[in-house]
Amino acid sequence: MPQDVKVWEIIDRDTLKEISKSKLDIEERLENWLEKEIPIISNDLLVIGRQVETGFGGIIDLLCIEYNGDILIVELKREKTPREITVQVLDYASWIKDLSNEKITEIANRYLGDKAPLEEAFKRMFGTEIPEILNEHHKMLVIASEIDSSSERIIKYLSDSYGVGINAITFQYFRNEEGREFLARVFLIEPSEVEYRTQTRTTSKRKPPLTYEELQEIAERNGIGEMYLRLVEGLSGHFNRTGTTRSSIAFVGNMGESQNTVFSLIPKESNPDDGLRFQVYITRLAEYFGINEEQAIALLPKHKEEWKFCKGAPLEWSGFAGFFKNLGEVERCLTGLNEVRKR
């Protein structure tokens, strides 16, 4: 049921004065407010697009990414009918659901401009690295000054019955006699309920990370098991923690207020001829061990090339990738790390 929100000003501790609700159509201003102050919806959002053209000829008002890599469509109801707004936002979602990491990054970098790339903006916003897989789930949010009963029934039906990640927010506008403006926000469905239904009633695209045992088995099958085991043992003693993905083991170091992946071993991309595949963020490696970049590079095997997390990545998100060819190169690297750690 649509909620009638009322606001009172407290005067001299004991007197309440009701602030009148304005008839101003705030939806003309909401898009600008939301773009500049997205926390009025949630603190866990980063705006990555405005007026985004879909492949079907539609225009999405705002596109956001959540802390877990999921995508949120924000659409203003304006003068649309219940049928129009529902069909429109579902049409946008049908386009969003198949967007790749590369396409999402392209949209975001174009919008972010000087704040790009997406990986850096994401880390500034959430204090962590961007997930390996984006857009596992997507959600839709309808914004309006009021939601009619028909739209409410449709949104609740899709959410309750099928776990569709759809919700609505009403923003109501108030103005007192002195001209001061106030904005009130009400969710149609509690956001945690929408999240729960989305997670439990839809199929995840994000497979769980491989276990340490599974990665070791892959290394054995690919003929680099001994090198892999020795490096995992040796590197683990130098870093604060390790983590796994679907293809690699990452060695993570505490750097200031952040935890950053510094070194990765990738048994899935390894073989007996080339060796054990690695990737390293060279600026982070130098900073973590308190050495310069030339010294850090000298610790690596000779079979390497410059590498970036993505096109246009800043220096912090770049480094080297290559192969450990034999146990001799493994021991040389670990001995060098032990030496710089003792200094």
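Quick check: residue separation of Thr15 and Arg180 times 0.36 nm, minus the Cα distance between them. What number comes out in nm?
The span from Thr15 to Arg180 would gain 57.5 nm if fully extended.
Which percent of Cα pairs goes in each bin when the distances of the range 7-201 are cut into 10 angstrom slices starting at zero?
Bins of 10 Å from zero give 8, 34, 34, 17, 6, 1 percent of pairs.
Give, in nm to one decimal, the length gained when the segment between Ser192 and Glu226 is fully stretched (0.36 nm per residue of separation minus the Cα-Cα distance).
Details: separation 34, 0.36 × 34 = 12.24 nm, distance 4.63 nm.
That works out to 7.6 nm of additional length.
Which is farthest toward the positive dipole end of the chain among Met140, Val5, Ile130, measuring Cα position about the Cα centre, with Cβ charges +1 (Lys, Arg) and -1 (Asp, Glu)?
About the Cα centre, the residue reaching furthest to the positive side is Ile130.
Identify all aspartates and glutamates with a Cα-Cα distance to Lys139 below 17 Å; exclude those on the same chain that are fewer than 8 residues away in sequence.
Output for Lys139: Asp44, Asp61, Glu66, Asp70, Glu75, Asp91, Asp98, Glu152, Asp160, Glu190, Glu193, Glu195.
If you average 1/r over all unlike Cα pairs in the range 212-342 and invert the result, what Kirkwood radius do you get in angstrom? Could the numbers behind the result be given before it?
Details: mean 1/r = 0.0680 Å⁻¹.
Across the range 212-342, the inverse of the average 1/r is 14.7 Å.
When all alpha-carbon pairs of the range 49-149 are counted, what percent fall beyond 22 Å?
31 percent
Once label points are set 7 Å from the Cα along Cα→Cβ at both Thr81 and Ser100, what is their separation, rounded to one decimal in nm?
For Thr81 paired with Ser100, the spin-label model returns 4.0 nm.
Taking a 27 Å limit on the Cα-Cα distance, which of the listed pairs Lys77/Lys97; Lys115/Lys302; Lys115/Lys342; Lys268/Lys304; Lys80/Lys115 fall beyond it?
Checking Cα-Cα distances, Lys115/Lys302; Lys115/Lys342; Lys80/Lys115 exceed 27 Å.
Find which of Asn326, Thr15, Phe289 sits farthest along the positive direction of the dipole of the chain, computed with +1 on the beta-carbon of Lys and Arg, -1 on that of Asp and Glu, about the Cα centre.
Value computed over the given set: Asn326.
If the chain between Thr244 and His303 were fully stretched, how many nm would it gain, using 0.36 nm times the residue separation less the Cα-Cα distance? Show your work: numbers first, answer last.
On the way: separation 59, 0.36 × 59 = 21.24 nm, distance 2.40 nm.
Using 0.36 nm per residue and subtracting the Cα-Cα distance, I get 18.8 nm.
Separation between the Lys115 and Arg341 pseudo-spin-labels, each 7 Å from Cα along Cα→Cβ, expressed in nm?
Going by the 7 Å Cα→Cβ label model, 3.9 nm.
If packing is taken as the average count of other Cβ atoms within 10 Å, what order do 155-165, 6-16, 49-59 fall into, highest mean first? Write down the numbers at each step before the final one.
Values: 155-165: 16.9, 6-16: 9.4, 49-59: 13.8.
Ranked from most to least packed, the peptides come out as 155-165, 49-59, 6-16.
Compare the peptides 174-183, 143-152, 233-242 by average per-residue count of other Cβ atoms within 10 angstrom and give them in order, highest first. Mind dumping the intermediate values first?
On the way: 174-183: 12.2, 143-152: 17.7, 233-242: 14.6.
With the highest mean Cβ count within 10 Å placed first, the list reads 143-152, 233-242, 174-183.
The numbers here are math on the coordinates, done by the rules we state, and not lab data. Remember, it's a predicted structure, so these values are computed and weren't measured experimentally. Cβ coordinates were reconstructed from backbone atoms using ideal geometry, including for glycine residues, and neighbour counts include every protein chain displayed.
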